[in-house]
Amino acid sequence: MAAFLFVSTLLLYLPTFKNDFIQFDDQGYITENPEVSRGLTQGGIRWAFGTFYQANWHPLTWISHMLDCSLFGLEPGWHHLMNAFLHSLNTALLFMALRLMTGQNWRCFMVAALFGWHPQHVESVAWASERKDVLCGFFFILTLATYTCYARMPRARTYVAAILLFGCALMSKPMAVTLPFVLLLLDFWPLQRWIKPIPGTGPAPKPEWIILCKAAIPLVLEKIPFFILAGCDAVVTFLAQKQAGAMMSVAALPLSYRVGNALWSYLRYASDALVPAGLSLLYPYREHLPLFLVGVSVVFLATWTFLFLVWWRRFPSLIMGWLWFLGMLVPTIGLVQVGAQSMADRYMYLPVIGLFVAMVWGVADGLAQKEAIRRTAQVGVRVVSALVLASCLVLTYRQIQYWRNTFTLFGHTLEVTGENGVAYYCLGLGCQKQGNQADALVMYKKAVEISPGFYPAQFGLGSILILQGHNADAQPYWAAAEALGGHNPVLEYNMGMILMKSGQAAAALPHLQDAAAQDGNNPDYHSGLGFAFQTLAQYPLAEKELSRALALDPSNSYARYCLASTLMAAGQTNQALQEYQISVRLQPEVAEAHYNLGMAFLDSGDWNGAQKEFARELQLAPGDARGHYRLAQVFSKKGQWTLAAREFQTSLRLMPSLKPARSELNSLLQAHPEALQGHSPPEN
């Protein structure tokens with residue numbers, strides 16, 4: 001059964017292999033994150049444990065992305081396939097963990113199949129950036145299984161193993177902070193550690209609530225290490241999100257609105273689990289909450305909670321699964337709001353297990369108590385179960401198709417949610433990546449029009465106007481972004497780098513200085529500031545900032561390259577050579593590092609060293625016209641005219657517009673016509 005669940009789930013998600021990265025978090029997590037994209041390195045691992053990048057602390061997630069880049073580079077299909085593999089593994093592990101707890105084969109199979117094939121989970125699996133969901137789920141389910149082994153046969157090593165696995169879950173995604181609460185629910189049912197039968201007397205007597213509370217005290221004390229870990233992770237996550245400016249202020253979103261939205265979201269999450277129609281990546285906040293639906297949500301939550309409490313003796317699985325669902329969603333339900341979404345399907349990756357357990361066991365136990373209809377109902381239940389699973393397969397396959405690329409995904413999002421500022425913003429990013437500035441400008445303007453309080457849209461519109469040379473038009477949008485973003489260092493750094501890209505180093509300098517002043521321990525901020533000083537020919541200040549960046553992160557290749565370039569421009573050739581050599585040692589398989597070192601040798605007159613580095617660079621990137629051109633210069637310096645002519649011609653074949661190569665080749669042939677040796681002269 002476990003093998004079938006794994007293989008079938010993996011086959012279901014195989015189409016994600018053809019999907020692209022999307023312009024929503026995938027840049028920051030993978031494609032435009034130099035620490036991740038360079039692969040798994042010692043410096044990268046240190047960075048993973050020490051960074052609050054992307055407003056979270058999840059080092060194991062960063063390391064898993066780095067491992068993917070080491071194995072597959074930036075080929076999106078393999079990143080998606082790794083997510084699918086982990087989700088398929090989680091599906092099989094969930095079946096095995098539930099079976100370990102309950103001994104029920106088909107009920108556990110049904111819950112695991114719903115978990116693996118439900119369309120609500122497509123977001124967590126088909127989105128490369130949501131590796132944290134499936135990785136956290138892997139360690140979360142392993143923790144449940146290990147804790148079950150401990151509960152059945154208490155041993156110190158099993159208990160310690162459960163704590164360590166819980167720590168790994170927290171280091172994958174902070175949503176695992178609710179796991180101690182889930183363990184207490186498992187103690188109630190199915191482990192039945194709250195109610196212990198007396199040997200030889202049949203089922204345990206029906207205890208009163210006070211007896212249950214007393215029985216829970218030692219179980220709560222047993223979870224103290226789990227609660228301590230959860231508390232520490234919650235504090236770290238709070239600091240990370242506060243530092244990044246990711247938390248929405250009470251002024252921007254009042255507490256009364258948050259409470260109403262949270263209550264309504266519970267109803268929407270449950271209804272989407274039962275009838276998964278109209279699923280979307282982004283569910284924007286409504287300007288006015290539908291009070292009627294908030295009231296319905298309150299009635300729904302109160303009624304079902306009351307009924308499940310009343311039925312706890314006859315159907316303990318109902319209250320356990322229901323509280324699992326309610327409790328696990330608390331960190332993401334929106335009372336502390338992070339991001340622009342009113343709810344998100346990815347938040348249901350683990351909480352929905354509780355709902356599935358309550359539904360499957362509730363139906364099975366209810367029918368088991370009706371002897372007269374049990375046999376007849378069994379056939380009907382099997383037919384309905386098969387239809388439900390088949391529907392999940394069809395809907396999930398269809399949902400996966402929407403994730404092909406940025407345009408299919410956010411086009412579908414607009415179909416489902418209507419006018420959606422975040423969706424238009426992401427479409428603008430997609431257009432900008434394709435070089436379609438005109439459409440990107442239209443999308444950003446639409447995003448700002450719909451969601452003026454979404455500061456990335458204000459920033460995006462201002463940025464594209466800056467890049468188009470309309471500085472005056474851009475300033476109101478950047479001012480709005482700064483006001484909405486809370487003057488945070490991430491925003492200031494991004495503004496500075498946009499100005500650098502547009503060639504306005506002097507204007508970029510205050511933004512980059514502000515970012516470095518606010519967060520002095522971020523190496524990227526010092527790197528950007530050093531680059532600005534270098535561009536402005538303020539070499540001592542550039543050297544100071546770039547050295548500071550490398551002190552914080554010795555593996556920061558961008559900072560080291562800028563430092564070497566600064567030293568070279570300042571006339572400190574020997575020191576520059578040392579920095580380039582360190583870059584090559586840290587990145588032996590990166591062609592650009594060898595090219596830079598070759599240029600340093602070329603400038604210093606070390607022709608043999610330059611030849612070695614350019615040759616290695618061309619082994620790694622044989623189609624690089626620059627490398628062939630520079631190698632031709634080296635051969636020319638060494639008097640090897642035939643080799644020089646061949647490399648000049650190769651560079652021109654790869655890049656006909658490389659005028660310096662054509663000019664130098666013509667000069668070479670005028671002085672040494674024998675260098676052709678049967679080769680055709682270059683076309684002028």
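The values are calculated or read from the model by the stated rules, or taken from the named source; none is laboratory data. As the structure is a prediction and not an experimental result, all values here were calculated from the model. Using ideal geometry, Cβ is built from the backbone for each residue, glycine included, and neighbour counts are taken over all protein chains shown.
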Practice task
Determine if segment 594-606 includes at least one residue that is within 35 Å of the chain's Cα centre (by Cα) and in contact (Cβ under 8 Å) with a residue 60 or more places away in the chain.
Solution key: no
Handout entry: Total residues in segment 398-414, condition in contact (Cβ under 8 Å) with a residue 60 or more places away in the chain, assigned to a helix (DSSP H, G or I) and touching a Phe, Trp or Tyr at 6+ places or on another chain (Cβ under 9 Å)
Key = 6
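Rundown of residues vs (1) within 23 Å of residue 52 (Cα to Cα); (2) of a type in the set (A, V, I, L, M, F, W, C); (3) surrounded by 22 or more Cβ atoms within 10 Å (Cβ to Cβ), yes/no style:
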| residue | (1), (2), (3) |
| --- | --- |
| 410 | no, yes, yes |
| 436 | no, no, no |
| 447 | no, yes, yes |
| 480 | no, yes, no |
| 496 | yes, no, yes |
Handout entry: Conditions (1) surrounded by 20 or more Cβ atoms within 10 Å (Cβ to Cβ); (2) modelled with pLDDT of 95 or more; (3) in a helix (DSSP H, G or I); (4) of a type in the set (Phe, Trp, Tyr); number of the one not met by residue 47
Key = (2)
Completion exercise
Per the filter on segment 50-69, residues surrounded by fewer than 16 Cβ atoms within 10 Å (Cβ to Cβ) and either more than 21 Å from residue 18 (Cα to Cα) or at pLDDT below 95 (or both) are 50
Completion exercise
Residue pairs within 8 Å by beta carbon, gap of at least six or interchain, first lying in segment 50-62 and in a loop (DSSP other than H, G, I, E, B), second surrounded by fewer than 19 Cβ atoms within 10 Å (Cβ to Cβ), listed first then second, are 52/239; 52/243; 57/236
Exercise for the section: Tell me, please, whether a residue that is surrounded by fewer than 24 Cβ atoms within 10 Å (Cβ to Cβ), of a type in the set (S, T, N, Q) and under 26 Å from residue 395 (Cβ atoms) can be found in segment 142-165. Expected result: no
Problem - Scope segment 426-484; condition over 17 Å from residue 494 (Cα atoms) and of a type in the set (S, T, N, Q); matching residues - result: 434, 436, 437, 451
Handout entry: Subset of segment 320-354 that is at pLDDT below 90 and in a strand (DSSP E or B) - its residue that is farthest from residue 172 (Cα to Cα)
Key = 342
Exercise for the section: Answer with yes or no whether residue 125 is over 19 Å from residue 165 (Cα atoms) and either in contact (Cβ under 8 Å) with a residue 24 or more places away in the chain or under 17 Å from the mean Cα position of the chain (by Cα) (or both). Expected result: yes
Problem - Qualifying residues in segment 247-272 (those that are surrounded by fewer than 19 Cβ atoms within 10 Å (Cβ to Cβ) and within 24 Å of the chain's Cα centre (by Cα)) - the one modelled with the lowest pLDDT - result: 249
Completion exercise
Here, helices (runs of 4 or more DSSP H) confined to segment 492-585 with at least 1 residues that are in contact with a Phe, Trp or Tyr (Cβ under 9 Å, 6 or more places away or on another chain) and β-branched (Val, Ile, Thr) are 557-569
Practice task
Could you grab me the full set of residues in segment 536-549 that are over 21 Å from residue 32 (Cβ atoms) and of a type outside the set (D, E, K, R)?
Solution key: 536, 537, 538, 539, 540, 541, 542, 547
Exercise for the section: List every residue pair whose Cβ atoms lie under 7 Å apart, where the two residues are 6 or more positions apart in sequence or sit on different chains, the first residue falls within segment 99-122 and is farther than 16 Å from residue 11 by Cβ and free of Cβ contacts under 8 Å to residues at least 24 places away in the same chain, and the second residue, located anywhere, is of a type in the set (Lys, Arg) and not in a helix (DSSP H, G or I). Expected result: none
Fill in the blank from the handout: Of the residues in segment 391-416, those that are closer than 16 Å to residue 22 by Cβ and of a type outside the set (Val, Ile, Thr) number 12
Practice task
Just give me the residues in segment 10-40 being outside any loop (DSSP other than H, G, I, E, B), over 17 Å from residue 70 (Cα atoms) and among the aromatic types (Phe, Trp, Tyr), in sequence order.
Solution key: 13, 17
Practice task
Check whether at least one residue in segment 624-641 is in contact (Cβ under 8 Å) with a residue 24 or more places away in the chain, touching a Ser or Thr at 6+ places or on another chain (Cβ under 6 Å), more than 16 Å from residue 581 (Cα to Cα) and of a type in the set (Gly, Ala, Ser), and report yes or no.
Solution key: yes
Fill in the blank from the handout: Reported set for segment 619-643 where residues are crowded, with 22+ Cβ neighbours inside 10 Å, more than 19 Å from residue 673 (Cβ to Cβ) and among the hydrophobic types (A, V, I, L, M, F, W, C) is 631, 634
Exercise for the section: Scan segment 559-582 and give yes if some residue there is in contact (Cβ under 8 Å) with a residue 60 or more places away in the chain, crowded, with 18+ Cβ neighbours inside 10 Å and under 35 Å from the mean Cα position of the chain (by Cα), otherwise no. Expected result: no
Practice task
Please enumerate the residues belonging to segment 9-30 that are surrounded by fewer than 18 Cβ atoms within 10 Å (Cβ to Cβ) and not acidic (Asp, Glu).
Solution key: 11, 14, 15, 17, 18, 27, 28
Exercise for the section: Kindly indicate whether any position in segment 82-92 is modelled with pLDDT under 95, of a type in the set (Gly, Ala, Ser), assigned to a helix (DSSP H, G or I) and out of contact with any strand residue (DSSP E or B) (no Cβ under 8 Å at 6 or more places or on another chain). Expected result: no
Practice task
Could you identify the single residue in 504, 475, 534 that is surrounded by fewer than 24 Cβ atoms within 10 Å (Cβ to Cβ), more than 26 Å from the chain's Cα centre (by Cα), polar (S, T, N, Q) and within 30 Å of residue 606 (Cβ to Cβ)?
Solution key: 534
Practice task
Might you check whether a residue that is within 15 Å of residue 279 (Cα to Cα) and not charged (D, E, K, R) occurs anywhere in segment 426-444?
Solution key: no
